[in-house]
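One structure is given here, and the rest of the page talks about it.
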Amino acid sequence: MDASAAQQLHRDAIVVDGCSFFATRWSDRMETSGVTALQMTVPMTWDGARDAISAYHAYNNLVEREPRFTIATSTQDIRDAKANGQVAFILGAQSGQFLETDERLVEVFHGLGVRVIQLTYNERNLLGDGCLEPKNEGLSPLGRQVIKAMNAAGIQIDLSHVGERTSLEAIELSTQPCIFSHSNPKALADNPRNITDEQIQSCVAGGGVVGVSPYAPIAWRGGDTPPTMDDVIAHIEYVAELVGPENVSIGTDSEVTPGSYPAQVTKRLATEYPEPSAPLRSRHPNVRKTTGFESMEQLPDLTARLAERGWTEDQIRGILGENLMRVYSKTWGEA
Amino acid sequence: MAVAEHIVSAEARRLHDASIVIDGLTFYYDGPTERLVATDVTATNVTAAETASNFAKATEEVMVLRQDMERDDASVLIRTAADIEQAKRDGKVGIILGFQASLPVETELWRVQMYHDIGMRIVQLTYNDRCYTGDGCLVDEDAGLTRFGARFIEELAARYIALDLSHCGRRTSLEAIDASPAAPMFSHANPNAITENPRNLTDEQIRKIGERKGMIGLCAWAPLCWKNNTAHPPTVEDFVDHVDYVVDLIGVDHVGIATDSGVTDNQAWLIQHSADFNATFPAIAGEYISHHGGRAESGMPEVNTLVRITDALLRRGYSDVDTQKIIGGNFLRHFRNVWGA
């Protein structure tokens, strides 16, 4: 496949960014990226139910203001968005904390359009342990109830940022596939946010996919060279080798509307969770982004690089979106 | 059972009247009440919010309680240990505001300072179930203090709020005792060696409190001090057996008392609370109630009959000085220590 064929393929493909955040306006970055759908982190990880409702409602307002945006609650909605030249938001969350102490809220939020929920964010919450929690304990009784409720309602379980043992127990318990929306293989980049071969294999054995991420602190493989697109390719190819190219996706973990990420949120997250970025920061203090894959904007470059490396059209379409679409379709109860 | 039916010695009455008496745990304050009388109790830890309340709800509950206090000339808000001594001199009952859960803080550490500002002086780490800081005593596999919980405990100490570990899981409480910069306490719990109950304390927990020079408020609530005796409900003598056990283990300086009783005249509210509690957490009082019925029948000392404990301690042979320590002096010292004033 030559470069122009790769460009054409990218324009034609369903492109799903499996993890991104903060959309307040249409953005050039997003338009350049060629995305069809964005799985959005909507509530703050510390929000309760009330604040989460407000945060989700802000996306209804945004869609009303900007007709090029739409909210997808099915994979057909995503395909329709592509046909209509729109970008679809998949409403998600990076912590189940907004469910507070009541698993019945899962169904309520499904009714509001929520389709992806990550169980925990770095620390222990009422559902289970996060990846920075030193004890690495498993699911709580409430966590087990929430998983059953998510299976019943048809909400995708996301296990990025989740502690190893909690993630393995979730995969075991869930009757639907789970995903890691934005995590890289620990075998290449030893970082508390990344995941072991066992996590990758269990996830895929359960029908899920693993979303590789260009987020610099977890893409970096150590050493003198700051992270580059080559590292992201290496992560993709490692996972593809381990569990097959049909089980790889992408989560850019990037801001949709540049400048919309409140500075106090960045500061708070850096203060509360220094561990994942500390190694890169100490070795390369000024590096914040992965060279050549700074945000979703470089998704077309990823397609070009994969084509150069001999990936087939179907494989590339899979990584860009169809693999995730297959899993969403199943967990959202469309089969 | 009314107080008049219990005969206490004149000596006990005199000593009790002359002493600072602190009840380590009471709940449901809603304004002027016949249950709070300065000759019975000098100060009491009053749970200021429902245990499942989130930030918004708990803050409202605290402020409603503060407003209820404004129309109650018989009580006074306690902010320092000196305030407790002043309440004694003024013949008022001191209200110490406490939470039986850390859930109101959710995962926002700044709220600890805010709660101190509006008068909170005691915060219990967990309540029976799991929360963001650790596990409660009814969680099957206690996973211990969380990463957030360790920071939370440091913040409590930095803001001079007393850490309460009642209702915590055993592992969580042991790890919290180690993590706490300030002396920790169990405001209302008993030795498991005398009464087996998930709410009660192992010898290891008790010893660690002694090592950290903290406090254990022995609890006169019947389901925690019935000695698992199916023949009859506990007596005040049974309660004193629990006091003896802890005094033997860690000395008389780290022991207080708590009734876990209501401080409202609204009986319907208390009955509803009791029914809700027993339905939600049957593992704590279910077995006791199946043998002996609910609180109304228990006949144990409550916040308005604490003199019965003073009387029983004297009869057991405790000196006046040691009795005064147990009924309030030790809690006063502890609060002065952890509140910084």
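The values are calculated or read from the model by the stated rules, or taken from the named source; none is laboratory data. Please read all numbers here as calculations on a predicted model, not as lab measurements. We place every Cβ from the backbone using ideal geometry, glycine too, and count neighbours over all the protein chains shown.
Conditions tested, residue by residue: (1) farther than 30 Å from residue B:103 by Cα; (2) in contact with an Asp or Glu (Cβ under 9 Å, 6 or more places away or on another chain).
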residue: A:2; (1), (2): yes, no
residue: A:12; (1), (2): yes, no
residue: A:29; (1), (2): yes, yes
residue: A:33; (1), (2): yes, yes
residue: A:38; (1), (2): yes, yes
residue: A:54; (1), (2): no, yes
residue: A:60; (1), (2): yes, no
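Every residue in the range A:139-162 that is out of contact with any strand residue (DSSP E or B) (no Cβ under 8 Å at 6 or more places or on another chain), of a type outside the set (A, V, I, L, M, F, W, C) and within 14 Å of another protein chain (Cβ to nearest Cβ), please.
Matches in the range A:139-162: A:140, A:141, A:143, A:144, A:145.
Considering the range B:263-301 alone, what residues qualify as being touching a helix residue (DSSP H, G or I) at 6+ places or on another chain (Cβ under 8 Å), at pLDDT 95 or above and either part of a loop (DSSP other than H, G, I, E, B) or of a type in the set (Lys, Arg) (or both)?
B:264, B:300, B:301
Go through the range A:86-97 and report how many residues are buried (at least 24 other Cβ atoms within 10 Å of the Cβ) and either assigned to a loop (DSSP other than H, G, I, E, B) or within 13 Å of chain B (Cβ to nearest Cβ) (or both).
4
If you check residue A:167 against the conditions, is it modelled with pLDDT of 95 or more, more than 9 Å from chain B (Cβ to nearest Cβ) and crowded, with 24+ Cβ neighbours inside 10 Å?
Working: modelled with pLDDT of 95 or more: yes; more than 9 Å from chain B (Cβ to nearest Cβ): yes; crowded, with 24+ Cβ neighbours inside 10 Å: yes.
Yes: the conditions hold for residue A:167.
Every residue, every condition in (1) closer than 27 Å to residue B:220 by Cβ; (2) at pLDDT below 95; (3) buried (at least 24 other Cβ atoms within 10 Å of the Cβ), yes or no:
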site: B:80; (1), (2), (3): yes, no, no
site: B:88; (1), (2), (3): yes, no, no
site: B:145; (1), (2), (3): no, no, yes
site: B:176; (1), (2), (3): yes, no, yes
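Collect the residues in the range B:59-105 that are of a type in the set (S, T, N, Q) and in contact (Cβ under 8 Å) with a residue 12 or more places away in the chain, keeping them in residue-number order.
We begin by selecting, within the range B:59-105, every residue of a type in the set (S, T, N, Q); these are B:59, B:67, B:75, B:80, B:86, B:100, B:102.
Answer for the range B:59-105, where residues must be of a type in the set (S, T, N, Q) and in contact (Cβ under 8 Å) with a residue 12 or more places away in the chain: B:59, B:75, B:80, B:100, B:102.
For the range A:224-248, what are the residues that are under 21 Å from residue A:281 (Cβ atoms), part of a loop (DSSP other than H, G, I, E, B) and not charged (D, E, K, R)?
Result: A:225, A:226, A:227.
I need the full set of residues from the range A:144-159 which are surrounded by fewer than 24 Cβ atoms within 10 Å (Cβ to Cβ) and either under 23 Å from residue A:326 (Cα atoms) or not charged (D, E, K, R) (or both), in order please. Talk me through it step by step, then tell me what you get.
Quick first cut of the range A:144-159, residues surrounded by fewer than 24 Cβ atoms within 10 Å (Cβ to Cβ) only: A:144-145, A:148-149, A:151-154.
Within the range A:144-159, A:145, A:148, A:149, A:151, A:152, A:153, A:154 qualify.
Select from the range A:3-60 the residues that are among the small types (Gly, Ala, Ser), away from chain B (no Cβ under 14 Å) and under 30 Å from residue B:106 (Cα atoms) and list them in ascending order.
Quick first cut of the range A:3-60, residues among the small types (Gly, Ala, Ser) only: A:3-6, A:13, A:18, A:20, A:23, A:27, A:33-34, A:37, A:48-49, A:52, A:54-55, A:58.
In the following step, the residues that additionally are away from chain B (no Cβ under 14 Å) were identified as A:3-6, A:13, A:18, A:20, A:23, A:27, A:33-34, A:37, A:55, A:58.
Listed by number, the residues that qualify are A:18, A:20, A:23, A:55, A:58.
So for the range A:98-110 (the condition being of a type in the set (S, T, N, Q) and either in a helix (DSSP H, G or I) or modelled with pLDDT of 95 or more (or both)), does at least one residue qualify? First the steps, then the outcome.
Initial filter on the range A:98-110 (of a type in the set (S, T, N, Q)): A:101.
Now narrow it down to the ones that are either in a helix (DSSP H, G or I) or modelled with pLDDT of 95 or more (or both): none.
There is no residue in the range A:98-110 that is of a type in the set (S, T, N, Q) and either in a helix (DSSP H, G or I) or modelled with pLDDT of 95 or more (or both).
Return yes when residue B:44 is assigned to a loop (DSSP other than H, G, I, E, B) and either away from every other protein chain (no Cβ under 14 Å) or among the basic types (Lys, Arg) (or both) and no when it is not.
On the way: assigned to a loop (DSSP other than H, G, I, E, B): no; either away from every other protein chain (no Cβ under 14 Å) or among the basic types (Lys, Arg) (or both): yes.
So residue B:44 fails the test.
Pick out the one residue from A:29, A:50 that is more than 23 Å from residue A:312 (Cα to Cα), at pLDDT below 95 and surrounded by 15 or more Cβ atoms within 10 Å (Cβ to Cβ). Before the answer, list the steps.
Details: A:50 fails: surrounded by 15 or more Cβ atoms within 10 Å (Cβ to Cβ).
Only one candidate passes the filter, namely A:29.
Against the definition (within 10 Å of chain B (Cβ to nearest Cβ) and at pLDDT 95 or above), how does residue A:136 come out, yes or no? Steps first, please.
Values: within 10 Å of chain B (Cβ to nearest Cβ): yes; at pLDDT 95 or above: yes.
Spelling it out, residue A:136 is indeed within 10 Å of chain B (Cβ to nearest Cβ) and at pLDDT 95 or above.
Every residue in the range B:233-290 that is among the aromatic types (Phe, Trp, Tyr) and surrounded by fewer than 22 Cβ atoms within 10 Å (Cβ to Cβ), please.
Scanning the range B:233-290 gives B:245, B:269, B:277, B:281.
Go through the range A:116-129 and report how many residues are closer than 11 Å to residue A:163 by Cβ and either of a type in the set (S, T, N, Q) or facing chain B (nearest Cβ under 8 Å) (or both).
6
With (1) under 16 Å from the mean Cα position of the chain (by Cα); (2) farther than 27 Å from residue B:341 by Cβ; (3) not aromatic (Phe, Trp, Tyr) as the list, and residue B:192 as the residue in question, which single condition is left unmet?
(1)
Can you go through A:221, A:268 and tell me which one is part of a helix (DSSP H, G or I) and among the basic types (Lys, Arg)? Step through it out loud before you land on a result.
On the way: A:221 fails: part of a helix (DSSP H, G or I).
It is A:268.
Determine, yes or no, whether residue A:266 is β-branched (Val, Ile, Thr), over 16 Å from residue A:37 (Cβ atoms) and modelled with pLDDT under 95. Walk me through it before giving the result.
Working: β-branched (Val, Ile, Thr): yes; over 16 Å from residue A:37 (Cβ atoms): yes; modelled with pLDDT under 95: yes.
Yes, satisfied.
Answer yes if at least one residue in the range A:183-203 is out of contact with any strand residue (DSSP E or B) (no Cβ under 9 Å at 6 or more places or on another chain) and within 14 Å of chain B (Cβ to nearest Cβ), and no otherwise.
yes
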